[in-house]
1. Would you compute, for the Cα atoms of the range 31-75, the largest minus smallest coordinate along each principal axis and list the three values in descending order, in whole Å?
2. Multiply the residue gap between residue 255 and residue 38 by 0.36 nm, knock off their C-alpha separation, and tell me the result in nm, one decimal place.
3. When the helices in the chain are scored as -39500 (n - 2.57) per DSSP H run of 4 or longer and the sum is shared across all residues, what 222 nm value do you end up with, to the nearest 500 deg cm²/dmol?
4. Select from 39, 195, 110 the residue whose mean-square fluctuation is largest in a Gaussian network model of the chain (Cα-Cα springs shorter than 10 Å).
5. What number, in percent, do you get for the relative contact order of the range 2-286 if the mean sequence gap of Cα pairs under 8 Å and at least 6 apart is divided by its residue count?
6. Would you mind telling me the antiparallel percentage of the DSSP bridges in the range 2-286, rounded to 5?
7. On a full-extension model of 0.36 nm per residue, what is the gain between residue 20 and residue 244, subtracting their alpha-carbon distance, rounded to one decimal in nm?
8. Expressed as a rounded percentage, what relative contact order does the range 17-106 have, with Cα pairs under 8 Å and six or more residues apart?
Ligand SMILES: [Zn+2]
């Protein structure tokens, strides 16, 4: 567990899945990325789904950042992405690390509504493919308004990443708070939001800080530590040049302030301190998250 300010923070691996390696690295040729990745015979690379769990000392704030693919998968779709998901992983981490249960979750930061980040907000209440229910009914769900609006009218390019069943009951059944603008306040002590728009509009990325250190959950700005290289951006990004500019801003903070990064999809590590050889960023130390 990492302690920053009021919060104890852990990275919980909830599952794994596989996406096409070419799509994950955009214009970067396979000969460069393949040696860093676990590639299968369909050219898919192994990725984790990770939830950042942050609990304040007084237990007033029990925060999840993202919830992974969730369990609403069967047959061909599950196979296409080789999805595994442990529906009890977050509950076990809450109980073993903090003595809490999923009913104690007070807040969820929904970085964005792509299925691999927040399919886990809901599960099926009965028949597969039928009605859904909230997995964290007591939690307030935090989303950027631009992402909420975009998820309802995605482009032809990214509409396969949004599954309506993941979020159609949020508005009617969940406590929701929408944040707006490029520098929105976060309501917890020592936490700020960074808004990223290159991957998808209004991706909401929390930064936990105290006087000595800070940690950012990178969302799909840096899905894995392999994406530390500036030009290694995903073909999924709607505006890749914007992603590169955002990565530069984030890495500058790693360089100038020693900010560490927590990755959503790295199956090798939850987070890392970043160092630089000249201008090239690399993992200096794996965090004990
Ligand atoms: Zn995404």
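The numbers here are math on the coordinates, done by the rules we state, and not lab data. These numbers come from a predicted model, not from an experiment.
1. Largest first, the range 31-75 extends 49, 31, 9 Å along its Cα principal axes.
2. Value of the extension gain: 75.2 nm.
3. -5500 deg cm²/dmol
4. The residue with the greatest mean-square fluctuation here is 39.
5. 18
6. DSSP beta bridges in the range 2-286 are roughly 75 percent antiparallel.
7. That pair, residue 20 and residue 244, stretches by 78.6 nm at full extension.
8. 25
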